[in-house]
1. How about the range A:102-123: which of its residues are more than 7 Å from every other protein chain (Cβ to nearest Cβ) and within 22 Å of residue A:40 (Cβ to Cβ)?
2. Any residue in the range A:171-182 that is modelled with pLDDT of 75 or more, part of a helix (DSSP H, G or I) and surrounded by 23 or more Cβ atoms within 10 Å (Cβ to Cβ)?
3. Which is within 8 Å of chain B (Cβ to nearest Cβ) and modelled with pLDDT of 90 or more, of A:30, A:128?
4. So, of the residues in the range B:240-275 that are away from chain A (no Cβ under 14 Å), touching a helix residue (DSSP H, G or I) at 6+ places or on another chain (Cβ under 7 Å) and more than 11 Å from residue B:168 (Cβ to Cβ), which turns out to be surrounded by the most Cβ atoms within 10 Å (Cβ to Cβ)?
5. For the range A:43-78, what are the residues that are facing chain B (nearest Cβ under 7 Å), part of a helix (DSSP H, G or I) and touching a residue at least 60 places away in the same chain (Cβ under 8 Å)?
6. Quick check, is residue B:183 closer than 24 Å to residue B:276 by Cβ and either away from chain A (no Cβ under 14 Å) or in contact with a helix residue (DSSP H, G or I) (Cβ under 9 Å, 6 or more places away or on another chain) (or both)?
């Protein structure tokens, strides 16, 4: 399919630029990167240390570019991009959560970051990908489901399992009140509804 | 509504209100377990939300272009894959010659040829392997095989400043430009009530954590921290207070931002003496600007142009923290 800059623009900036990327348009690739590399990197940075997060980001965009020729005009660009990101996230090795003493967690931001990352990286791959897309990248459930090639109900179930696992692995941080958890028994009835922030 | 249904509702803000909030509220009022889950889910959400959006490395675009300019590794040309493929072909040929017509790489986007992009001239060579993760040495589980600390070892451990501070104070001394006053003789910094957070642990919990850390530290690591403590104590008193005061600004920086500070200090060290003085004055001036102008002015400095995203983020957080 021959794609000109004019016709590609009719699909919107992201799908249009991806169609141009398939033709080898360097400028279109740079525009996509300028718009999307930060959220993709930020999502991986919650999972891995910076150099590994950068590598995962590179792999995501490399796959996006190499598969650009199969992108259908009118398809969802975010779902396409995050589908690649989710695959990369699922291929990352599953690790064991690190063990850190409460005293060390209290005094060291680096220790808190290490525990958070290892807890996410310890999730089973399908749950990790669902959590990454919805709770870290803040994608709407429908987009996340499309990116993962599954139903919204399945994404919800994966999320519940992921959050229940994280309740255990992040318990030392939750007990410290780092996430703003109020250990008082009345807190649930007084705080705003959970997940009030729109994705 | 049962507990499973409630939890599937509350994990998605868009669907939490579908069908009205009343059933959700009603269930939460009656179910302590779901109240606890809801509270923890919300806390996890806040916990994992970064305080500042992390920026990817500045050379990411160039690295991608460099990678795309080279053809993907063909898995069928790797020695191990060739052996495996040869064995598979022999077995498959035995059963059915048509199996040889399969093209297993067709569905792998990473193996597909990329559209041709010119490699960026400034791109670094693409790494042939994924870089190793940073190992969180300080977070390794406590070994029960280690002998208990002697009283002498406990006394040594208890006297040390916070380890993160000891690992950082020399960097802070090299980042004078980012603070209002240079390290050196000046009016004493007022010590906050309860002392600086960099001071040795004073509570029983803090001491317990310190002893556990000390127990699992190698002899080399202990010697290094003791030497850092001695180096810190050898500084004049007003300098020490100034550095401890600076640490209060950076102690909550993330691990990456702490690394960024060290790299930033190294970058500053590379600047020649004459340019260094001018740069220091410029950065100090930026620190006196209104908060909203600081980042833009900082990024406008020629010194900031080649810095990595990590270095920029650390510098900007430092400039915003004053």
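1. A:117, A:118, A:119, A:120, A:121, A:122, A:123
2. yes
3. Checking each option against the conditions leaves just A:30.
4. So, considering only residues that are away from chain A (no Cβ under 14 Å), touching a helix residue (DSSP H, G or I) at 6+ places or on another chain (Cβ under 7 Å) and more than 11 Å from residue B:168 (Cβ to Cβ), the one surrounded by the most Cβ atoms within 10 Å (Cβ to Cβ) is B:264.
5. A:46 - this is the single residue of the range A:43-78 that is facing chain B (nearest Cβ under 7 Å), part of a helix (DSSP H, G or I) and touching a residue at least 60 places away in the same chain (Cβ under 8 Å).
6. So residue B:183 fits the description; yes.
The values are calculated or read from the model by the stated rules, or taken from the named source; none is laboratory data. The model shown is predicted, which means the values in this text are computed figures rather than measured ones. Don't worry about glycine lacking a Cβ; one is built from the backbone with ideal geometry, like all the others, and counts go over all protein chains shown.
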